[in-house]
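Laboratory data are not the source of any read-out in this text; all were calculated from the coordinates shown. Keep in mind it's a predicted model, so treat the numbers as computed, not measured. Reconstructed Cβ throughout: ideal geometry from the backbone, glycine too, with neighbour counts over all protein chains shown.
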Amino acid sequence: MAPEPACPLSPRVTRWPRPVRYTVGMSPVRDVDHLVVGLGVLGSAAAYRLASEAAGTVVALEQHEPGHAHGSSHGDSRLFRLAHESPADVALARAAYDAWLAVGAEAGEELLVESGVVSFFPLGAAAEADRLAAGLADAGETSERLDGRAVRERWPAFGVPDDVPALFEPRAGVVRADRAVAAFARLAADHGAELVPHAPVRRIAPDGERYLVHTDDATYRAARVVLAAGAWTAALAADLGLDLEVRVTQEQVVYFPQEDPERFAPAVQPGWIRYGAEAFYGFPDLGPTGVKAAQHLGGFDVTADTRTYDPDPANLDRVVAAVRDVLPGVPSGPPRTVSCLYALTSDGEFLVDTVPGHPGVALAIGCGHGFKFAPLLGQALADLAQHGSTGVDVGRFSLVRRGSGGDAE
Ligand SMILES: Cc1cc2nc3c(=O)[nH]c(=O)nc-3n(C[C@H](O)[C@H](O)[C@H](O)COP(=O)(O)OP(=O)(O)OC[C@H]3O[C@@H](n4cnc5c(N)ncnc54)[C@H](O)[C@@H]3O)c2cc1C
């Protein structure tokens, strides 16, 4: 079975260095100050923060090619929303909004498209929409409580029934995912990080106060390590004596190509989430790929080794049915499916912490909704690796949980 083609990366990412290869006469071990494992969105964000702030060398190792489509971070878009159950998550999302603007400004491109997001709730669940709206208001954030009729009046493409409870977040929208990963990587390289593709880390071994990180071509002796390996994290954590339960699911997103991309462009069409026993979400049309939609947690359990790239027809049927309900005018050309991995902790919340007994190793799991927080989670990873603590409010995501929950998207 042929793998899915790599997602197109921004053409400005041209600075991936060749893998470092050691020859006879060179030291078999290379000393580095900071070593990042994994260049998905979290590892790229951490590499960028380390390269901008930390003293010393930063090397980041990625097992695949840049912008590959084998993990969790590929594709053109991720939803960004501010509404969350807990006030701490609302505050974190607001900080992430500012962080995306700052990274976009430094990268010289728009990474967060403020299309707004409308959330639809089941009939009878108006209280849930009210609660989220109140949480946003408490944080000083604007939102609008609407019903289906008001939604249709403003965005006629939506086909929801009159009394569906809805919540509109004007400052929510879409993160341009591929571009964001590329921007973090490019900025990391601009700040002096060495990014090494096709360098799978085979083993991490403590070596006094440092860590030997073995690839096929080289061994690095690192003072600090950031483990941002997504669905591959558990095996590397086990090298450091950490028994980490990471559930991996194979998810699917569906693209509906449109003849007229302006019809559902972000200026006229917000992103959406439909909550219920099964949750679905969708995006405005960002360009050539069309309108995208998916079911949250609509996949099945796999491992990073057993996952396939095969379309899931039952999932496709569910997504097509949901899109026909929410945006009846969307399906036009034959839909295209792309698979993606969720790496999930047991409670669905992020994990951001240092490895017990190894204060120089920080790790993170972004679960099914971590992209929107990537600039902050990257900052937290960089801080934890360097100093053992961080000013980013991620204490509740530690290995010892202070709370749990887990939101969709
Ligand atoms: C279908 C789908 C939809 C989503 N929708 C949203 C959304 O709307 N909003 C949102 O906020 N979030 C969303 N998410 C979640 C978000 O995308 C993830 O939380 C985020 O991408 C996780 O990034 P990561 O860097 O941890 O993992 P990954 O992107 O998987 O990166 C891990 C990297 O580590 C590399 N690696 C692993 N092992 C090794 C090794 N031994 N040596 C070298 N490299 C290694 C991998 O190759 C990979 O590149 C979605 C996820 C999916 C799959």
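Taking the Cα centre of the chain as the origin, how large is its charge dipole in debye, to the nearest 20, when only Lys and Arg (+1) and Asp and Glu (-1) carry charge on their Cβ atoms?
Here the size comes out at about 620 debye.
On C-alpha positions alone, give me the angle between the axis of helix 177-190 and the longest principal axis of the chain, in degrees, nearest 10.
Long axis of 177-190 versus the principal axis of the chain: about 30 degrees.
Where a ≥ b ≥ c are the square roots of the eigenvalues of the C-alpha gyration tensor, would you call region 250-293 rounded, which needs a/c under 1.5, or, failing that, prolate if a/b is larger than b/c, or oblate?
Note, shape of region 250-293 comes out oblate.
Express as a percent, rounded to the nearest 5, the fraction of DSSP beta bridges in the chain (both residues included) that run antiparallel.
Once the DSSP bridges in the chain are tallied, antiparallel ones form about 70 percent.
How far apart, in nm, are the 7 Å Cα→Cβ label points at ARG336 and GLU262?
It works out to 2.3 nm between the two label points.
In what order do GLU194, GLU259 fall by count of nearby beta-carbon atoms within 10 Å, going from fewest to most?
In order of increasing Cβ crowding within 10 Å: GLU259, GLU194.
Spelling out what I want: for every residue of region 123-136, take phi, set θ = phi - 60°, compute 6.51 cos²θ - 1.76 cosθ + 1.60 (Karplus), and round to whole Hz; glycine and proline get x.
Result, ordered by residue: 4, x, 10, 4, 4, 5, 5, 4, 5, 5, 5, 5, x, 5 Hz.
Calculate how large, on average over all directions, the projected area of the Cα convex hull of the chain is; give the answer in nm² to one decimal. Don't skip to the answer; put the middle values down first.
On the way: hull surface 77.1 nm².
Convex hull of Cα atoms, orientation-averaged projection: 19.3 nm².
Could you work out how far apart the two model spin labels at ALA127 and ASP163 are, taking each label as a point 7 Å from the Cα in the direction of the beta carbon, and quote it in nm?
Going by the 7 Å Cα→Cβ label model, 1.7 nm.
Within a 10 angstrom radius of the beta carbon, how do PHE184, PHE371 rank from fewest other beta carbons to most?
Neighbour counts put them in this order, fewest first: PHE371, PHE184.
Could you please tell me the mean projected area of the C-alpha convex hull for region 87-161, averaged over all directions and given in square nanometres to one decimal?
Its average projected convex-hull area is 6.1 nm².
Could you tell me the relative contact order of the chain? Use alpha-carbon pairs under 8 Å, at least six residues apart, and round to a whole percent.
22 percent
Can you tell me how much longer the chain between ASP310 and ALA137 gets when fully stretched, taken as 0.36 nm per residue apart minus their C-alpha distance, in nm with one decimal?
Details: separation 173, 0.36 × 173 = 62.28 nm, distance 4.34 nm.
Gain on extension, ASP310 to ALA137, equals 57.9 nm.
How are the alpha carbon pair distances in region 235-325 distributed across 5 Å bins from zero to the largest one, expressed in percent?
Spelled out per bin, shortest first, that is 3, 13, 18, 17, 16, 12, 8, 7, 4, 2, 0.
Relative to the longest principal Cα axis of the chain, at what angle does helix 41-53 sit, 0 to 90 degrees, rounded to 10?
With rounding to tens, the tilt is 60 degrees.
Looking at the chain as a GNM with Cα springs under 10 Å, which of TRP272, TRP100, TRP155 has the largest mean-square fluctuation?
So, out of TRP272, TRP100, TRP155, the one fluctuating most is TRP155.
So what's the angle, to the nearest 10 degrees on a 0 to 90 scale, between helix 87-107 and the longest Cα principal axis of the chain?
For 87-107 against the chain, the angle is about 70 degrees.
From the phi of every residue in region 284-289, what ³J(HN,Hα) in whole Hz does the Karplus formula 6.51 cos²θ - 1.76 cosθ + 1.60 yield, where θ is phi - 60° and glycine or proline is x?
Running phi through 6.51 cos²θ - 1.76 cosθ + 1.60 with θ = phi - 60° gives x, 7, 8, x, x, 7 Hz.
Name the long-range amide H neighbours of GLU349: under 5 Å, sequence gap of 5 or more, or other chain; modelled H, no Pro or chain starts.
Those qualifying (amide H under 5 Å, at least 5 residues apart or on another chain) are GLY405.
In nm², what is the average projected area of the convex hull enclosing the Cα atoms of region 50-137? Intermediate values should be presented prior to the final figure.
Working: hull surface 35.1 nm².
Orientation-averaged projected area of the Cα hull: 8.8 nm².
Give me the distance in nm between label points sitting 7 Å out from Cα along the Cα-to-Cβ direction at LEU212 and GLU153, one decimal.
Result: 7.1 nm between the two label points.
5 Å is the cut-off here: which amide hydrogens, built 1.01 Å from N in the peptide plane, fall below it relative to ARG274, excluding neighbours closer than 5 in sequence?
Close amide H contacts, sequence-distant or interchain: PHE120, PHE280, TYR281.
In deg cm²/dmol and to the nearest 500, what is the mean residue ellipticity at 222 nm of the chain if only DSSP H runs of at least 4 residues count, each as -39500 (n - 2.57), divided by the residue total?
-8000 deg cm²/dmol
Report ³J(HN,Hα) in whole Hz for each residue of region 221-237, in order, from the Karplus equation J = 6.51 cos²θ - 1.76 cosθ + 1.60 where θ = phi - 60°; Gly and Pro get x.
10, 10, 6, 9, 10, 10, 9, 10, 9, x, 5, 9, 5, 4, 5, 6, 5
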